[in-house]
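Everything on this sheet refers to the single structure shown next.
The values are calculated or read from the model by the stated rules, or taken from the named source; none is laboratory data. Everything numeric in this text was worked out from a predicted model, so none of it was measured. All Cβ positions, glycine included, derive from the backbone under ideal geometry; neighbour counts span all protein chains shown. Quick note on the areas: whole protein, heavy atoms, side chains included, nothing else; ligands and nucleic acids left out. Shrake-Rupley method; radii C 1.70, N 1.55, O 1.52, S 1.80 Å.
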Amino acid sequence: MKAVQEKLLFLNKFLQDPRHIGSVTPSSTCLARKMTEPVPWSRIAHIAELGAGTGAITNYIHAARRSDTRVLLFEKDVSMREQLAGRFPDCSCHEDAAELQTAMRREGIEQLDCILSGLPFFNFPQALRERLMDQIAASLKPGGLFIAFQYSQQMRKQLATRFHIEHVHFVPLNFPPAFVYVCRKGEG
């Protein structure tokens, strides 16, 4: 999809449903790189992207992953999900990140090595945030990575209750500027 079309689609979707589309524009290449650079790609067999949108980060996942890496994409918006399925036919696309474990069972995946998230947690009610965090923590293998970007540091405390926060990177070259949380699930 051409960059201008992608930006217009994102803006239109944001205007229709700002609570589920967290930004007026897709993630920048700077943000996509910062999200994917901590991932040890040679050791990733199973990965999920939550809130895949128009595929800005998915492009980087697709380029960096091993040929046998299984990729699960989650996107609530129907038209964006259909476009993702068309662009990335070797990835499985799913609707609801809050049903992450159900999707994994359907795909025959026991645990994920890494989860990347662009979900706008700030926009969600606390009960949905908790449900998503429970699904994410239960889905990751011990020592697995959870990397999420947010537009504020509001989620820091909630993330710290479930994960070890290894780094928080500020990415000014994104609109709006973003924080990338690099978190690891405990080994025990």
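Table for the structure above
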{"item": "Alpha-carbon radius of gyration plus Dmax, which is the widest Cα pair, for region 43-153 in Å", "result": "13.0, 37"}
{"item": "Computed FRET value (nearest 0.05) for LYS157 with HIS62, which takes r as the C-beta separation and R₀ as 41 Å", "result": "0.80"}
{"item": "Inter-centroid distance (Cα atoms) of region 137-180 relative to region 62-83, Å", "result": "20"}
{"item": "Net charge, GLY143 excluded, C-beta distance under 13 Å - Lys, Arg +1, Asp, Glu -1", "result": "+1"}
{"item": "Label of the coordinate-derived value, volume of the Cα convex hull per residue in Å³, listed as (i) 132; (ii) 121; (iii) 107", "result": "(iii)"}
{"item": "Apportionment of accessible area to carbon and sulfur, region 106-188, percent (1.4 Å)", "result": "57"}
{"item": "Modelled FRET efficiency - R0 22 Å, GLU37 with GLN111, Cβ distances, 0.05 increments", "result": "0.45"}
{"item": "Å² of accessible area per residue within the chain, as computed with a 1.4 Å probe and no ligands counted", "result": "47"}
{"item": "Two-decimal Rg/Rh across region 101-180, once Rg and the Kirkwood Rh are taken from alpha-carbon atoms", "result": "0.98"}
